[in-house]
Amino acid sequence: MDFPLNGRSFLRELDFTNDEWASYLDLAAHLKAANKAGTEKQYLRGRRIALIFEKMSTRTRCAFEVAAFDQGAHTTYLDPSSSHVGYKESVADTARVLGRMFDGIQFRGNYQTTVEQLDEWAGVPVFNGLTDLWHPTQMLADALTMKEHSTKPLSETSFAYVGDARFNMGRSLLVSGAMLGMDVRIVAPKSLQPPADVVEVAQDRAAESGARVTVTDELDAVEGADFLHTDMWVSMGESADAWDERVALLRPYRVDEALMDRAGADVKFMHCLPAVHDSTTEIGKQVLDKYGLEGCEVSGDVFDGPRSVVFDQAENRMHTIKAVMVASLGRDA
């Protein structure tokens, strides 16, 4: 196998050309098919990968660990209590230490600047598992899922994201969709839309790929979409005070059966997870008690309904993260 992206870090979508970004999907589809067929080759045998987590994780941690295991690599998990990074030791010093022991470093945490500092100082590829500004591993999983659940090529596929679009999911969906030539609709209240500079660079990439980019607060924009995405209304680390404002702004953008029907009979529902879709969790109970909502950003009948592909999407985190590591660290099996 050729590895044209060998040695490259994976910090954000915009670090790659449109064709390079699409190549990750081709590699992920190949690795997934081989995994399902039992013919997967180990391109990461003997590689050592550090996994730094400032934020809690289910899918990202498990995806990196299982993908590494499948490929013959070894991982070391570092949570906030397992290292001195940012507390007694600078990010630069941590990077220089880990770069001498590991072949690659994954970071999931609060700030994009941290993952960029790791990349600057480590001397080995660094992978962004999520920061405040970008979520590139999720984007590959989302794109692979849309490719699998559409009868059309991605360049003829449309999706709408509804919700708070200022940060990682809104930004990354906008940019990734533009790079893949898709019909991208970001639907959010004006105060929760992506920054102007991100919209501008997405439009530049769309001009190269033939994509269509729409950013609006009008819910009519979901009509005809092949996929409808959303995310939690309040993210990890935000103040509890944010709930009042966010619920007031986003209640009309909640994904329920009516909004799904407005998009179209064949629309599929997507969510990066975790989702507040009922009152069985602590947050779900609080939302029900305070705001009278059974489920928050998505209703339970949509989340668990026949048009939901969220668990295929979650599984694809593993296959696409495997592609990221193989592309960067792979060697012939």
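The values are calculated or read from the model by the stated rules, or taken from the named source; none is laboratory data. Please read these numbers as outputs of a predicted model, since none were measured by experiment. Heads up, the Cβs are rebuilt from the backbone with ideal geometry, glycines too, and the neighbour counts pull from every protein chain shown.
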Number of the condition not met by T281 [criteria: (1) over 19 Å from M169 (Cβ atoms); (2) touching a residue at least 12 places away in the same chain (Cβ under 8 Å)]: (2)
Whichever residue in region 81-115 is among the polar types (S, T, N, Q) and over 28 Å from R45 (Cβ atoms) and, among such residues, is surrounded by the fewest Cβ atoms within 10 Å (Cβ to Cβ): S81
Qualifying positions in region 309-333 - surrounded by fewer than 22 Cβ atoms within 10 Å (Cβ to Cβ) and not hydrophobic (A, V, I, L, M, F, W, C): D312, E315, R331, D332
Enumeration of residues in region 287-303 that are farther than 18 Å from D231 by Cβ and not hydrophobic (A, V, I, L, M, F, W, C): D289, K290, G292, E294, D301
Lone qualifier among P136, P195, P189, P153 - being buried (at least 21 other Cβ atoms within 10 Å of the Cβ) and either more than 25 Å from H30 (Cα to Cα) or in contact with a helix residue (DSSP H, G or I) (Cβ under 9 Å, 6 or more places away or on another chain) (or both): P136
Residue within region 262-271 that is surrounded by fewer than 14 Cβ atoms within 10 Å (Cβ to Cβ), of a type in the set (A, V, I, L, M, F, W, C) and more than 20 Å from N168 (Cβ to Cβ) present: yes
Among (1) exposed (fewer than 15 other Cβ atoms within 10 Å of the Cβ); (2) in contact (Cβ under 8 Å) with a residue 24 or more places away in the chain; (3) part of a loop (DSSP other than H, G, I, E, B) - the single one P252 does not satisfy: (3)
Selection within region 286-300 - surrounded by 16 or more Cβ atoms within 10 Å (Cβ to Cβ) and not β-branched (V, I, T): L288, L293, G295, C296, E297, S299, G300
Candidates S83, S57, filtered to the one that is of a type in the set (G, A, S) and out of contact with any Ser or Thr (no Cβ under 9 Å at 6 or more places or on another chain): S57
Search result, residues across region 18-48 that are of a type in the set (A, V, I, L, M, F, W, C) and closer than 16 Å to L329 by Cβ: L27, A28, L31, L44
Per-region count, region 64-78, residues touching a residue at least 12 places away in the same chain (Cβ under 8 Å) and in contact with a strand residue (DSSP E or B) (Cβ under 9 Å, 6 or more places away or on another chain): 9
Matching option when the condition is touching a helix residue (DSSP H, G or I) at 6+ places or on another chain (Cβ under 7 Å) and not charged (D, E, K, R), among G123, G109: G123
Some residue of region 210-221 being modelled with pLDDT under 95 and either touching a strand residue (DSSP E or B) at 6+ places or on another chain (Cβ under 8 Å) or surrounded by 14 or more Cβ atoms within 10 Å (Cβ to Cβ) (or both): no
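Let's see how each residue does on (1) outside the structural domain of H271 (by TED's automatic domain parsing); (2) over 25 Å from N6 (Cβ atoms); (3) among the basic types (K, R):
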site	(1), (2), (3)
F69	yes, no, no
S83	yes, yes, no
R108	yes, no, yes
T113	yes, yes, no
V126	yes, no, no
M139	yes, no, no
G163	no, yes, no
M179	no, no, no
M182	no, yes, no
Hits in region 30-80 - residues which are surrounded by fewer than 21 Cβ atoms within 10 Å (Cβ to Cβ), small (G, A, S), part of a loop (DSSP other than H, G, I, E, B) and more than 18 Å from the chain's Cα centre (by Cα): G38, G46, G72
